[in-house]
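Every number here is computed from the coordinates shown, using simple stated rules; none is lab data. Bear in mind the structure is a predicted one, so any value in this text is a computation, not a measurement. Here the Cβ positions follow ideal geometry from the backbone for every residue, glycine too, while neighbour counts run over all protein chains shown.
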Amino acid sequence: MTPEQLAKERKASLERQRKQLEKTAAERLAQEKTDTKVLTRAQRLKLRDDEYVPPQD
């Protein structure tokens, strides 16, 4: 391998790594957006029941 080919291959390798990191970051961001807590009806009712404070007589 000539030094020019080696430099070209290193540059290509760095570019592939950068693209992979960007893809991973984008997937992680998309995953975080879908992880926003979407509670089921039962979970919402339980939270509401847990927060309920009966009136003081």
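Here is how the numbers come out for the structure above:
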read-out	value
Estimated dipole of the chain in Debye, rounded to 20 [Cβ of Lys and Arg +1, of Asp and Glu -1, Cα centre]	400
In the chain, lysine pairs closer than 26 Å at Cα, eight or more apart or cross-chain	9
Estimated [θ] at 222 nm from DSSP helical runs (n ≥ 4, -39500 (n - 2.57)) normalised by residues in the chain, nearest 500	-26000 deg cm²/dmol
Within-13-Å neighbourhood charge of MET1 [Cβ basis; K, R +1; D, E -1]	0
Dipole axis of the chain (+1 Lys, Arg; -1 Asp, Glu on Cβ), positive-most option in LEU39, LEU14, TYR52	LEU14
Net charge of neighbours whose Cβ lies under 12 Å from the Cβ of ALA42, counting Lys and Arg as +1 and Asp and Glu as -1	+3
